Amino acid sequence: MSKHQREADEMDQEKDDRIQVERLKNQKRQIRQQYRELINDTEANRKELMEPSNNGLLENVDRANKLYRSVFGTHEATLDAKLLVMSADLGMQKAKHLRMGQGGFDETEYVTRLINKMGGHDIENEQQGLDWSKIGKMAVKWTRKVPTMDFMLGPMSVEHKSRNDTRKKRVVRDPNQMRKPQELKEDDIARQENETTKNVVQISNILDQCEQDRVNLFELVVNPESFGQTIENIFYLSFLVRDGKVSISEVDVNNPDDDLHNDGKTERDNANLQPMVELTEVPTAEDYQAGLLKKQMVMELDMAMWRELIEVYNIRKPMIPTRVAKERLDGKWYG
């Protein structure tokens, strides 16, 4: 295909597209016009459409259904919705007038239409009767149903419940049974030492008396006799770390003098790293200004890990002595 032929085909295609778009616009314009005419007629004939014998509402709805088959735009759909709302409002008002208006049901007219439906009277042939089968065929769809079963709801006899008196009665207390609060004297209060401070100082003294400068963290805090006191030892040690009196660092026990912070990843992976605890001097404000940072660590320890640490480090005797639980003396108050 030559270039000129291809350009000619493209021009023809664009022309057809413009014609199609213009045809679509005209069709939408006609649909909108028909909707507006139908809405205006409904509004103008509002009173006539509300009469009981007028079927104009059904005709309008039928016309709107036919128009809706050609609707494919939001503007036309909005007009259809407006017409539907208007027709529903008129239908509701018409139903109210049928129910509340006087003379809504004419017995004479009903009998006349019934006779005409069944064949009517033939003046010349008086022997001709009414064809009741026509009425029967109309009523069969309402009467030919399976009878339903009725159930009796509720118990055979009803027990009347007596109403309970929920009013609160006033409580009258016997003065002889009332007790006075116990009066405490100075001698009745036993002064209890601050156990936390005492245990923190104990751990500091243990580290100070160690022959080595560094102590393994687990060998220090793990108590093989009590899981609860192991947790307490970690708690008491944390106060020394917080105050800067003790530091916890990773040390290669095979080469304790090496600085792991400057070594590469390979040397660190090959090292036998252990958490070690040692006493340090309390940092000053100048140390923090020089770049010293505080670090925090969250340590997880359960009973399974506690038993495993005892076996791995072969801990048979605690470095921190087992504390004896104090028994509370009867009649004494602790403060």
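List, please: which pairs have Cβ atoms under 9 Å, are six or more places apart or on different chains, and start with a residue in the stretch 206-219 that is closer than 26 Å to Arg307 by Cα and end with one that is hydroxyl-bearing (Ser, Thr, Tyr)? Filtered contacts from the stretch 206-219: Arg214/Ser249; Asn216/Tyr313; Phe218/Tyr313; Glu219/Tyr313. Against the definition (open to solvent by 90 Å² or more (accessible area, probe 1.4 Å) and either modelled with pLDDT of 90 or more or among the polar types (S, T, N, Q) (or both)), how does Arg328 come out, yes or no? Here the answer is no, as Arg328 does not meet what is asked.
Are there helices (runs of 4 or more DSSP H) fully within the stretch 1-86 with at least 3 residues that are of a type in the set (Lys, Arg)? List them.
Numbers: elements: 3-44, 46-49, 56-68.
Fully inside the stretch 1-86 and qualifying: 3-44.
If only residues of the stretch 273-300 that are open to solvent by 70 Å² or more (accessible area, probe 1.4 Å) and in a helix (DSSP H, G or I) are counted, the one that is nearest to Val200 (Cα to Cα) is Tyr288.
Of the residues making up the stretch 197-218, those that are in contact with a strand residue (DSSP E or B) (Cβ under 7 Å, 6 or more places away or on another chain), part of a helix (DSSP H, G or I) and open to solvent by 80 Å² or more (accessible area, probe 1.4 Å) number 1.
The values are calculated or read from the model by the stated rules, or taken from the named source; none is laboratory data. Because the structure is a prediction, the values reported are computed rather than measured. Reconstructed Cβ throughout: ideal geometry from the backbone, glycine too, with neighbour counts over all protein chains shown. All accessible areas refer to the heavy atoms of the entire protein, side chains included, with ligands and DNA or RNA removed. Shrake-Rupley method; radii C 1.70, N 1.55, O 1.52, S 1.80 Å.
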